[in-house]
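Structure, as structure tokens:
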Amino acid sequence: MLDKIAKQFDFQQRALNLRAYRAEVIASNVANADTPYYKAMDFDFKQALKSADEASRKLGLHTTDPRHIAMSEGDSHRLGAQLMYRSQVQPSLDGNTVDMDVERAAFTENALQYQTTLTFLNRRISSLNDAIRGGQ
């Protein structure tokens with residue numbers, strides 16, 4: 001019974017995890033705004049969510065012997081996100097590609113989308129809670 005309820009939130013959980021990871025990537029760009037030769041990075045959220053959704057439907061690797069090597073991937077690959085260098089808007093003398101205006105806009109948009117997903121989840125949980133209580 002609880003598995004069916006938990007399945008209702010799988011997609012939103014993946015979306016929240018990717019949004020949180022994107023916030024980390026953008027924060028890293030901001031933190032390195034003055035680092036010479038630092039290249040700003042980001043990922044395509046839509047593609048990452050699609051990859052994470054497809055990966056969740058695949059069967060995992062099963063080892064039958066303790067000597068088998070388990071498959072391990074980094075968090076970004078597990079989430080379906082492939083980091084790419086952000087294209088340079090205005091060249092800087094020190095080779096740094098971080099544009100603070102672009103980073104602020106990306107961070108704000110990402111935070112807004114994160115909050116929207118949380119609001120959607122809260123409403124969904126409230127409606128399920130009402131259904132369980134019988135609409136009282």
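Only the coordinates and a few stated rules stand behind these numbers; no lab work does. Small disclaimer: the values here were computed from a predicted structure and weren't measured. Please note: Cβ atoms are built from the backbone with ideal geometry, for glycine as well, and neighbour counts cover all protein chains shown.
Were the residues from L128 through V30 laid out at 0.36 nm apart, the gain over their Cα-Cα distance would be 31.3 nm. So for segment 76-136, what percent of the C-alpha to C-alpha distances run longer than 15 Å? The answer is 72 percent, as a whole percent.
Using the Cβ of V102 as centre and a radius below 12 Å, the other residues enclosed give a net charge of -3, where K and R count +1 and D and E count -1.
Annotation: amide H of N96 within the under-5 Å range of Y37, Y38, sequence separation 5 or more or interchain, hydrogens built in the peptide plane.
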